Structures are given as structure tokens and as C-alpha cells.
Amino acid sequence: MADIDDIATRIAGIILSPDSVYGLINGALTVPVDFGYMVYGIFDTGSRYIHETMRIRMADAIRNDILNHHHISEAVKLVFTEFNKYVSETEQDKIYRAVFTSFIGRMGTNIIIALITASVLERVSFISASFRYQPISALTGVLLIGGMTERSIRTSEALETEDPEVYKLLRPRDYDLLYFLFKPSVQPFVDAIHVRMTQGEPTFIKIMDSVEKKINAA
């Protein structure tokens, strides 16, 4: 069973403080973590062929300019669009307008998407600089670093297994390969979508009711 309170707390935390996504992403995109993934990939010989196929897909996606600002933003937007699809307009008004003022209303989602995208670009550019890549090729350079590549692949695999409904949204445009870049900031929303798909709308509504209470209490 889903931990309704935990999911609601994490969703409310991001809505109440959208700039917290900077901390979430900065904490996740760290070089030591990626070195760990690289070592893991070296010793995991059993899945080497499958991962090589994914690396070819990644190379094709890079050639198709998947790593620009637009595609990262679109990938994040797909997740929030899917989440909001199950939240009534009345409920969205209650949640977003309580935080972003009545003038902005449901545009609050767009603010969160913009902040997540900016945070990803900022953090990835910072990591790339440490490897002496030029800013113009920062994203490509990061994704081609061994550990980052391995992490991208394994995060995509985990998404397919744990949250197949979101994987199906991202996979057609190869956005599943970008998921590791923004996963920390969208995970509670992904968890809520998964709950709705696996436990039904009543449980999802309980999550949203809890989100509203937490936001109003704040």
C-alpha cells in the first residue's frame, strides 16, 4: 500500500517551495554517485549486451538534439501534464492558487517546470565544467561520461519496472534517457500517478486531499 502521507508531504513541499527543486537536483547529480554507477556497469557483465543497445539509442537521441533546453522542459512537462490530468480544475485551483496567488492560478505548474529545467541545466553545466567541457556542449559531455551513461540507462530500466505508466509517456521520444536528470523533483508526482493506476482513484483523491490540507496548514 502507498504511504499517502509521505507522497502528499513531498508533493506539498515542492508546490509550497518550488525553488527547493534546486536542492533536490543538486543533491542527486553528484560526480561520486556517477563514478559508483560506472564501476557497477563494469562488473555487471550480464546486462552488457542490452545496455549496449541502449547506448546506441542514446547516441541516436543525442544526434537528434535531445539534450537541449526544449526537450528537457518537454520531458518534465509530460509528467506534470499526466499528473494534472487526474486532478480536477477545482482541485488545481485550490492547490496552486493557494501558493502562487490568484493571478497565476494553475500556471503554478509552469513555474515548477521552468525551475526544474533551469536547475537541471545549471547543475549539469557545473558538473561538465569540472571535466573541462565547453558550456555549449555541456549536456552532451555529461551524458557521455561513463558514470552518467550508466546511470541514465539504469534509471530508465527502473522507471520501466516501477512506474511503467510514466515510462510509456517518455519512451516514444527517448525522454526516458533524460529521466535521471530530473527524477528527484518529479518523483512524488510520479508516485501519485502510479498509485492511481495501481490502487485506484479513491486512493489518489486521498493523496490530493492530504496535499490540500498540508498546503492550507502552511
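The values are calculated or read from the model by the stated rules, or taken from the named source; none is laboratory data. Keep in mind that what you see is a predicted model, and the values were worked out from it rather than measured. Cβ coordinates were reconstructed from backbone atoms using ideal geometry, including for glycine residues, and neighbour counts include every protein chain displayed. Just the protein is used for accessible areas: all its heavy atoms, side chains included, with ligands, DNA and RNA removed. Shrake-Rupley method; radii C 1.70, N 1.55, O 1.52, S 1.80 Å.
Name the residues in the stretch 1-23 that are charged (D, E, K, R) and over 18 Å from Ile95 (Cβ atoms), would you? Give the derivation first.
So in the stretch 1-23, the residues charged (D, E, K, R) come out as 3, 5-6, 10, 19.
Selection gives Asp3 alone.
Number of residues in the stretch 50-83 that are within 19 Å of Asn110 (Cβ to Cβ) and open to solvent by 70 Å² or more (accessible area, probe 1.4 Å) equals 4. Of the set (1) closer than 28 Å to Glu52 by Cα; (2) assigned to a helix (DSSP H, G or I); (3) at pLDDT below 70, all apply to Glu160 but (3).
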